[in-house]
1. What length, rounded to one decimal in nm, is gained on full extension from residue C:354 through to residue C:384, with 0.36 nm per residue of separation minus their alpha-carbon distance?
2. Arranged from highest to lowest average of other beta-carbon atoms within 10 Å per residue, in what order do the peptides B:292-302, B:114-124, B:191-201 appear?
3. Please rank C:243, C:225, C:258, B:69, fewest neighbouring Cβ atoms within 10 Å first, as an exposure proxy.
4. In whole Å, what is the distance between the alpha-carbon centres of the range B:275-315 and the range C:328-365?
5. On a 0 to 90 degree scale, rounded to 10, what angle separates helix B:258-273 from the longest Cα axis of chain B?
6. Using alpha carbons only, how many angstrom separate the centre of the range B:219-254 from the centre of the range B:101-131?
7. When a/c is below 1.5 the answer is rounded, else prolate if a/b is larger than b/c, else oblate, so apply that to chain B with a ≥ b ≥ c taken from the square roots of the Cα gyration tensor eigenvalues.
8. Label residue A:33 and residue B:308 with points 7 Å out from Cα along Cα→Cβ: what is the distance between them in nm?
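Nothing in this text is a laboratory measurement; each read-out follows from the coordinates by a stated rule. Because the structure is a prediction, the values reported are computed rather than measured. We place every Cβ from the backbone using ideal geometry, glycine too, and count neighbours over all the protein chains shown.
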């Protein structure tokens, strides 16, 4: 019997992740009632879809063993992590103290994701973008974005 | 880079908060439903006049979700300073405790009632081709054929869901309840005859009834609605027990100072006495006859009785409901 | 015919007054703006601008709000093409080929054809609304839950055609999108599904969160990790308008896209979202060399963009003739009319004839204005790509953040987007594409709700989908699309041309 060799590592991992997602969804949909085919309950479609996703994952795993394909490639972590952190920074600062702080802070964190960033330039630019956002979203479109909120003192 | 200077200027020019008479800045009126719906329309019409009385803008903020309970929860947890109010309705401040077992607020205990803005009467309507000429025939037909009939509603906990549950339990009908995401799609399928009947707020239905695309069998009011004078009341039609209204009322968070409640309540009373505001509400089919509930005390009583009523109705409705298909 | 002409002349006499022209222009301008800004859509904007319209006469208010709506559809394509972020559901398809064109230095051509195609579609749709609104309404009423469920099922088959790379992965993504759409409170029973007790999940995952995460942020993450990609974006600028050859190539796709979009837009159950997907699938099938699709085929922009705009306009038909809103934006329009004392319904056409025809005429004028606004802007937009990427990407991040926040004013939404972005980044490393996932997500809810409605009405009899002719035909069409798409793919195996991300 020939040894099974992984010919498409990317597909293998992709398929395995789908199976993992499917198992997770099956677990999450656990307590839901499936009903019957003619009268589906809330759990029928999620469960059915999870099984289909899992099936597609298994098929991908099969393909990865049978046919040559992509390698996994590089997985740089620093850039994406810092972008995500930047978004989180925004989320945590937008209500208090508001956009005046959230905007520049998020942009500076995002800036750390690229080696090309020139800090002084970005710092100035970030205030400019924040001002433009304030003008666009708040003044022009009347959206209730907190601009500067210091509890008990300023609400803008 | 000039714009950074602009930001600085804006920051420096910030108005500092001082002590002044209420209200000294715009008031947020949370509408726990999407803009454009019946509650939203009432809120905006009443809010417009109240803004003039109070000298500050009443800004409507739509916080939709989970049958209005998302917005109501937010209002219940807001600071009781009179700057956050909510336009609650029969669902959020009446039926919700019976529909949502883990509700994060208590309609009676978490709020300081201000007053009812407008009632919106409930109509019983059916597809154009429904074989009944009046409410009596309709009730008889539904009783006899309910297992074959499809009733449309706009989601668990919605006005159409709760009021029709009440109707069904009154006449002892067990139709298949077909759910839609909102009144619009449900109405669409009623017009095209895919479903047989539904109960809903008059505001949504007036134009369809006038155009004859659906049939109205009864309005749940003590007297006929001026918006649809040809539609008999449920009392005339032999179903006097069916008295429901999707009332809309303004609440403040519990703990709001009484002088602020008074100020708001006075502004509301003034708005509801205004000829133009009244006309706009009445044209929509709204009901302004319940004077008692327009006061904080009257509204508190209404909330208590509604919570008790829907608890009973919906408990018996789920007991009587047709077994799972 | 003469009635149509007299109606239209009534409409133009209403729309061609100075204040109404001004409001139409304002609406188009605001619409373009919010279309371009990612995240924030017409719903949030119209909600916030409603009080502003109180001082206006009803016709003017409605003309402006309508302008915001179709202006947003117009503007959405700009962001999709330039920075690969679909501002609206309907511009998801445009990201596929539009952004590739931008990377090849053909952003001007892509933006130009989007504007021209949309203008053509807008003109045709206006005529269709004016002339055929009433008979078409009757057709629309033939669509019940069974038909919608069948339509959505057929729509899912397009996903296979959407795939740039592996078909199997594309199918998996559609299924995953469907699965994600089931998260949230179950409409029928009110049961929370897969929400893990998170309150904000009980209304389901927000489209903006998913789209911004998978496209906006994940795209930035990808670009930061690929060294060459950024130079491609801001290297050359190229022509500002499509060449004669490109125009010729796009002519038929524009016509076909317009018709498809117009037909789907009429359906009261929000069929308009299918238009661009259907058009893309059709063009890819008809193309002599389908492999160009996904690598900057101009037909892949021309067709869907026309379909998108045509659908945006014909979706006014159910609102204007029945008074029944087909989607959330139209529901807002109903509210706007109601607040102005006009309750939309079947009688609006006769009772408020000048309003009805005035709004329709304004749509044509608005489309002309959009063309006038957008064509000169193309130069400016394309120059935007010259901004060094080290400054552009933090700006994209922040504008997306503000956009997501403004949808529901919830910081939690922004947090959720960062998680989606990381997952999207990992997915793209594994060769998964985002467009099919979004297609599945958008159709999922409509599919499940209508399926369960149909089964409730038929008392659980699955044969309802075959007994009703329209539904049977739709299912058959979907099956044919699937077979036509999958069979050659299986026959030729997977030719290993890897499309860079």
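1. Values: separation 30, 0.36 × 30 = 10.80 nm, distance 4.23 nm.
Using 0.36 nm per residue and subtracting the Cα-Cα distance, I get 6.6 nm.
2. Numbers: B:292-302: 18.2, B:114-124: 27.7, B:191-201: 24.3.
Ranked from most to least packed, the peptides come out as B:114-124, B:191-201, B:292-302.
3. Working: C:243 13, C:225 20, C:258 30, B:69 23.
In increasing order of surrounding Cβ atoms, one gets C:243, C:225, B:69, C:258.
4. So the two Cα centres are separated by 30 Å.
5. 60
6. Their Cα centres are 11 Å away from one another.
7. Numbers: a/c = 1.99, a/b = 1.94, b/c = 1.03.
Note, shape of chain B comes out prolate.
8. Distance between label points: 3.1 nm.
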